[in-house]
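What follows is a set of notes on a single structure, which appears directly below.
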Ligand code: ADE
C-alpha cells in the first residue's frame, strides 16, 4: 500500500479526484491511500496566514516557512537523520517528471506531496524539509495542486494490481523508447475512412510489425528527441 499525504491550501480540489477513475480504483482496492491536509490548520495566528510579501521586494507572495515545515514534519518526521517518507514539492523549478521518475516514486512506502504556489516558497522550508522538487513541464500553473494530481494518477496506475491488464501499462508511450501508434475500434468504416486493412487481417505477426513501424514513424515525426541518444552518450 502506497500512502500519499497532500499538503495544500485547497484540499477540496482533491475530493472528487481521489474517488473517481483509476485513482478511486486504487484507493478502493487498498493499493493506495490519499489524505489531504489543509496547510492553514498548521498555522498559529488568528488569520491562519500561509504567505507573506517577499524580502527584497517584488510581485506576489511567498509561502511562509513555519506552517509548511510544521505540516511536513507532522506527516513525514524530520528530514535528518533519516525518514521513511519521501517529501516531494511540486514547483516549476523542479526536475521534469517522466515515466521513469513515476516508476521510482510508485515504489515508495509514503509520499508527502507539497503543493507550492507559483510565486514561491521560502527557500529555508525547502532546504529543511523537502527531499525533491518536481515540475510537470515548462509552463506555469497557479499552484502545485494540478501537478500533484498528475503525479498521483501517474503512480496509481503503476501500483501492482491496479490496472486490470498489466500489459496496457507496458505497451504505452514512454514505458518504452517510442510513442504508441494509432488505435482503432468499431465501426470498420467511419465517414468514408476505413480502418487499416492489416488490423482486420487476423495476421498477428503482420499486426505486430505494422504497430512497431507506426510507433517508430509517430516518434520520428512528433518526438524525434526521444530517438536521439541522451546527452553525454553522444558519439563525437
Ligand atoms: N506549480 C506551478 N506550475 C507548476 C509546474 N509546471 N509543475 C509543477 N508545479 C507547478
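Kindly put 62, 87, 207 in sequence by how many other C-beta atoms sit within 10 Å of each C-beta, fewest to most.
207, 62, 87
Efficiency by 1/(1 + (r/R0)^6): what FRET value for residue 66 and residue 231, r their Cβ-Cβ distance, R0 = 45 Å, to the nearest 0.05?
0.70
Can you give me the Rg/Rh ratio for region 97-220, using Cα atoms for both radii and the Kirkwood formula for Rh?
Reported Rg/Rh, Kirkwood definition of Rh: 1.11.
Using alpha-carbon pairs under 8 Å, 6+ residues apart, how would you state the relative contact order of the chain in percent?
19
If the chain between residue 96 and residue 207 were fully stretched, how many nm would it gain, using 0.36 nm times the residue separation less the Cα-Cα distance?
Stretched fully, the residue 96-residue 207 segment lengthens by 36.5 nm.
Let me know the volume per residue of the alpha-carbon convex hull for region 45-133, in Å³.
Considering the Cα atoms of region 45-133, their hull volume per residue is 106 Å³.
Return 218, 42, 184, 139 ranked ascending by Cβ neighbour count within 10 Å, so the fewest neighbours appear first.
Lowest count first: 139, 184, 218, 42.
Over region 1-60, how many percent of alpha carbon pairs lie in each 10 Å bin up to the one with the longest distance?
Percent of Cα pairs in each bin: 20, 34, 24, 17, 5.
Run the numbers on region 119-231 and let me know its relative contact order in percent, using alpha-carbon pairs under 8 Å that are six or more apart.
19
Would you report the distance distribution of C-alpha pairs in region 2-156 as whole percents per 10 angstrom bin, up to the bin with the largest distance?
11, 42, 36, 10, 1
With a 10 Å cut-off between alpha carbons and a GNM built on the chain, which of 92, 11, 196 moves the most?
Residue with maximal mean-square fluctuation among 92, 11, 196: 196.
Using only helices, what value at 222 nm comes out for the chain when you add -39,500 (n - 2.57) per DSSP H run of length 4 or more and divide by the total residues, to the nearest 500 deg cm²/dmol?
-9500 deg cm²/dmol
Using a basic spin-label model with each label point 7 Å from the Cα along Cα→Cβ, how many nm lie between residue 195 and residue 119?
5.4
Using Cβ counts within 10 Å as a stand-in for footprinting exposure, how do 149, 216 rank, fewest first?
The fewest-first ordering by Cβ neighbours comes to 216, 149.
Could you list log10 I(q)/I(0) for region 171-227 at q = 0.12, 0.22 Å⁻¹, which the Debye formula gives when each Cα is one point scatterer?
-0.33, -0.89
No value in this document is a laboratory result; all are computed from the given coordinates. Here the structure is a predicted model, which means the values were calculated and not measured. Note that we place each Cβ from the backbone using ideal geometry, even for glycine, and neighbour counts take in every protein chain shown.
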